[in-house]
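The values are calculated or read from the model by the stated rules, or taken from the named source; none is laboratory data. Here the structure is a predicted model, which means the values were calculated and not measured. Here Cβ is always computed from backbone atoms with ideal geometry, including for glycine, and neighbour counts include all displayed protein chains.
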Amino acid sequence: MSPLPFARRRLLVTTGGFVAASLVRPALAQSQWDVLRELLFENRPVQDGTGLIELETPTRAHDAALVEVAVKALVPQTPERYIRAIHLLIDRNPAPRAAVFKLTPATGSASITTRIRVNEYTPVRAVAETDDGALFMVERFVKASGGCSAPASKDKEAAYARLGKMKLLEPERFRTGEPNELRLLISHPQYSGMQIDQLTRNWIPADHLETIRITWNGEPLVEVEADISLSEDPLLGFHLQPEGPGELRVEAADIKGRRFVQSWQLGLGS
């Protein structure tokens, strides 16, 4: 039996992601990254992303359940040449694919900020996919452990009382024709399925966001495919390059079928 089919069976599919490649027998020659790369990108070459994107992470996280990371694009987004997706991967997490950020030229910049959980010392990777389908990767090693099973910061009643509430942090001055950085906060406990209720001592079932869709004046801007490796109360930093005022609309959905919608009028006072 060849190693790859066996590895694929061992990488059991979870909700929107994959069980960590540490489940693959050590006897297999493939590394965790080799297995993930084959599963996610098949035979497509993954090139060095230096000069296209940068990945910023702490070397050692103070809180493994709340690790802020930033993927910074070093080239602008234009209709002629743009990054259409950023895959954020955490090799040793139970769900290594933390999120996929699908982007459009209307962002003006493909830079993304978010917060993740880190379950053990691991490489963290950002793979940028350009509009022609080419893949470019940068990586950092992060020292942290226990993030996926760490207790939530709020009790369940408090967490669900604020479920789906959103807050948008805008720049002091909204500029037309330039990328504006926006930060979106969504209240959601993001239960990983690996946490224990501190009162009942029972396992808390998985309950996390699955998709976030952001539009500008009805046109796609950013779409996120999410999983348990995104932290509690997810943060999404992204950009918008507007030609004038308009409506930013956010639609989020979780694995329980709930939908959360909110919109903002931006640029009216510019």
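Of the residues in the range 188-242, how many are on the phi > 0 side of the Ramachandran plot and surrounded by fewer than 17 Cβ atoms within 10 Å (Cβ to Cβ)? Write out each step before concluding.
Residues of the range 188-242 on the phi > 0 side of the Ramachandran plot: 190, 193, 201, 217-218, 233.
Filter once more, keeping what is surrounded by fewer than 17 Cβ atoms within 10 Å (Cβ to Cβ): 201, 217-218.
Total satisfying the criteria: 3.
Could you list, in sequence order, the residues of the range 68-95 that are among the hydrophobic types (A, V, I, L, M, F, W, C), surrounded by fewer than 15 Cβ atoms within 10 Å (Cβ to Cβ) and not in a loop (DSSP other than H, G, I, E, B)?
Passing the criteria: only ALA70.
Tell me, yes or no, whether the range 126-134 has at least one residue that is surrounded by fewer than 21 Cβ atoms within 10 Å (Cβ to Cβ) and at pLDDT below 95.
no
Find the residue count for the range 103-124, including only residues that are under 18 Å from LEU184 (Cα atoms), part of a strand (DSSP E or B) and either hydrophobic (A, V, I, L, M, F, W, C) or over 10 Å from the mean Cα position of the chain (by Cα) (or both).
Qualifying residue count for the region: 3.
When you look at ALA65, is it surrounded by 13 or more Cβ atoms within 10 Å (Cβ to Cβ), modelled with pLDDT of 50 or more, out of contact with any strand residue (DSSP E or B) (no Cβ under 7 Å at 6 or more places or on another chain) and within 30 Å of HIS239 (Cα to Cα), yes or no?
Values: surrounded by 13 or more Cβ atoms within 10 Å (Cβ to Cβ): yes; modelled with pLDDT of 50 or more: yes; out of contact with any strand residue (DSSP E or B) (no Cβ under 7 Å at 6 or more places or on another chain): yes; within 30 Å of HIS239 (Cα to Cα): yes.
The answer is yes for ALA65.
Condition test on ILE255, is it among the hydrophobic types (A, V, I, L, M, F, W, C), within 19 Å of the chain's Cα centre (by Cα) and closer than 16 Å to LEU184 by Cβ? Spell out the reasoning first.
Working: among the hydrophobic types (A, V, I, L, M, F, W, C): yes; within 19 Å of the chain's Cα centre (by Cα): yes; closer than 16 Å to LEU184 by Cβ: no.
Answer is no for this residue.
Count, please, the residues in the range 203-231 that happen to be within 21 Å of ALA152 (Cα to Cα) and in contact with a Lys or Arg (Cβ under 8 Å, 6 or more places away or on another chain).
Here the count works out to 7.
Take the residues of the range 138-169 that are touching a Leu at 6+ places or on another chain (Cβ under 6 Å) and touching a residue at least 40 places away in the same chain (Cβ under 8 Å): which is farthest from ALA128 (Cα to Cα)? Lay out the reasoning, then the answer.
Initially, the range 138-169 is screened for residues touching a Leu at 6+ places or on another chain (Cβ under 6 Å), giving 138, 140, 167-168.
Retained after the next criterion (residues that are touching a residue at least 40 places away in the same chain (Cβ under 8 Å)): 138, 140, 168.
Working: VAL138: 9, ARG140: 15, LEU168: 25 Å.
Looking at residues that are touching a Leu at 6+ places or on another chain (Cβ under 6 Å) and touching a residue at least 40 places away in the same chain (Cβ under 8 Å), I get LEU168.
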